[in-house]
Each structure stands twice: as structure tokens, then as C-alpha cells.
Amino acid sequence: MVTAESSAYMSVYLVTREGQELGTFKTSKIKKGLRTGFFRLSDLGWREASGWQGLFEIAGSALVNSPGANPDGFNPHAAPMANALAAASVVLPPTLIEELADTRPWVRFISVAMGIGCAFMIPACLLMAVDEARSLSPICLLATLLLLYPAVKLSNYATNIASLAKSQSLADMAMALTEQHRFWRFCGIMLLFIVCLGLLLCIGCFFVTRVH
């Protein structure tokens, strides 16, 4: 006997990513694809009965309707990603979105300033490569890359926050916070590197002064 729950669980959706069709997939395949990373939370699915939906909405509703799910939509035996998808229908507080949106102009300004800095550093690296200071060219190139990475992360964060202000979706907020997390992780790694380098220099200076 085919129930409404099993029918919804086996529904077929046309999945697209940034306007490109990825093919048609059953809901069970979409759930599995989200868990493995084959699909992204920002991908969209379409079927005639429901129109366009985010994949997190499709998988979330399937989890709520699946056997064994509790009344709150969470299955204690499901993977963390599945439980997160089941909670995707949560309405984000407007104040939270406003606070995040208020950071976007400053984040965009900083990312643009860092990008301009990279644009000026690249010609300097090229000049060093053909000049007597060619030994400094690799260091200049490394510094440019180290400045470019956080600039890209901040730019992506600002773009995702702009999308969040329009869509108010959990997927856009998750993408924005992911970019923010990568930015701060990079800053933390660089800080640890600088501290370790400073300690090594201090130890080296101490032994040099002892010798002399």
C-alpha cells in the first residue's frame, strides 16, 4: 500500500545548480547526495506539484515524514546533517538577519581594500623578478597570496549576507557563516605562525648574545 508519506519520500525532482540542470533525482537520492556532499544546500529542486524548493527543504520534509521521526522532526538515530536538514524550516529572526546585514558594508570595504593591495603587490613582484631584488620575488608572491585568500573569503561572506537579506534562508546563512569561519581560521593560523616565529627569533637572539 502506497501512503502519502512514502509517495513524498519517493518523489522525483529536477535539480539545478546556478541555472544548470543536474538531472532528475528521487528524494532519497537527494538526501544521500546532501550527506555525501554531491549536492549543495543552495541547489534547487523542481516538481510540478510543489514548484521550486531548496534541497534542504525537500530533504527536511522527507525526514519529517519518514518512519521513526519524532514529532519535532528530529530522528535521534539520524546523522547530524539529517537533523540539520529537518530543522531547515525554522524561521530566522529578523533581528539576526539585520545584525548580519549591518556587517556587510564594512566587510565588503575591507575585502575591496585587500584586493586593491593585492593588485598593487603583483606588479611589484614582477618588477622584483627582473630586478636585482629577484631573491625577494617569491616572498612578495607569497605575501600576495596570503593577502588574497582572506580577501576572497570576506568577499564571499558579504555576497552570501546579501543573499541572506533577500532570501532569509537557513542555507544562505550557513554559507555566509562558513566563509566567516574560514576567514577567522586563517587569521588564527597566521597568528600562531607569527607568534612561533617571534619566539624562535627571541630564542635565537638570546643564544647569539650569550655567545658574544
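Annotation: of all residues in region 155-170 being surrounded by 21 or more Cβ atoms within 10 Å (Cβ to Cβ) and under 11 Å from the mean Cα position of the chain (by Cα), the one that is nearest to ALA113 (Cα to Cα) is TYR157.
Would you call LEU85 buried (at least 19 other Cβ atoms within 10 Å of the Cβ), in contact with a helix residue (DSSP H, G or I) (Cβ under 9 Å, 6 or more places away or on another chain) and at pLDDT 85 or above? I'd like the intermediate steps shown before the answer.
On the way: buried (at least 19 other Cβ atoms within 10 Å of the Cβ): yes; in contact with a helix residue (DSSP H, G or I) (Cβ under 9 Å, 6 or more places away or on another chain): yes; at pLDDT 85 or above: no.
Against the criterion (buried (at least 19 other Cβ atoms within 10 Å of the Cβ), in contact with a helix residue (DSSP H, G or I) (Cβ under 9 Å, 6 or more places away or on another chain) and at pLDDT 85 or above), LEU85 does not qualify.
Within region 162-183, is there a residue that is small (Gly, Ala, Ser), over 19 Å from LEU100 (Cα atoms) and either in the same structural domain as GLN53 (by TED's automatic domain parsing) or assigned to a helix (DSSP H, G or I) (or both)? Quick ask: steps written out before the conclusion?
First, the residues of region 162-183 that are small (Gly, Ala, Ser): 162-163, 165, 167, 169, 171, 174, 176.
Narrowing the set further to residues that are over 19 Å from LEU100 (Cα atoms) leaves none.
Scanning region 162-183 turns up no residue that is small (Gly, Ala, Ser), over 19 Å from LEU100 (Cα atoms) and either in the same structural domain as GLN53 (by TED's automatic domain parsing) or assigned to a helix (DSSP H, G or I) (or both).
Working carefully through the options PHE109, PHE74, PHE39, PHE56, find the one that is at pLDDT 60 or above and either in contact with a strand residue (DSSP E or B) (Cβ under 9 Å, 6 or more places away or on another chain) or not in a helix (DSSP H, G or I) (or both). Write out each step before concluding.
Working: PHE109 fails: either in contact with a strand residue (DSSP E or B) (Cβ under 9 Å, 6 or more places away or on another chain) or not in a helix (DSSP H, G or I) (or both); PHE74 fails: at pLDDT 60 or above; PHE56 fails: either in contact with a strand residue (DSSP E or B) (Cβ under 9 Å, 6 or more places away or on another chain) or not in a helix (DSSP H, G or I) (or both).
Answer to the selection: PHE39.
The residues in region 120-169 that are out of contact with any helix residue (DSSP H, G or I) (no Cβ under 7 Å at 6 or more places or on another chain) and closer than 30 Å to LEU44 by Cα can be counted, and the count is 5. Looking only at region 106-140, residues that are crowded, with 17+ Cβ neighbours inside 10 Å and of a type in the set (Val, Ile, Thr) come to 1 in all. If you go through region 179-195 one residue at a time, do you hit one that is touching a residue at least 60 places away in the same chain (Cβ under 8 Å), acidic (Asp, Glu) and within 21 Å of SER42 (Cβ to Cβ)? Looking for residues that are touching a residue at least 60 places away in the same chain (Cβ under 8 Å), acidic (Asp, Glu) and within 21 Å of SER42 (Cβ to Cβ), one finds none in region 179-195, hence no.
The values are calculated or read from the model by the stated rules, or taken from the named source; none is laboratory data. In this text the structure is predicted, and so the values were computed from the model without any measurement. Virtual Cβ from ideal backbone geometry, glycine too; neighbours counted across all protein chains shown.
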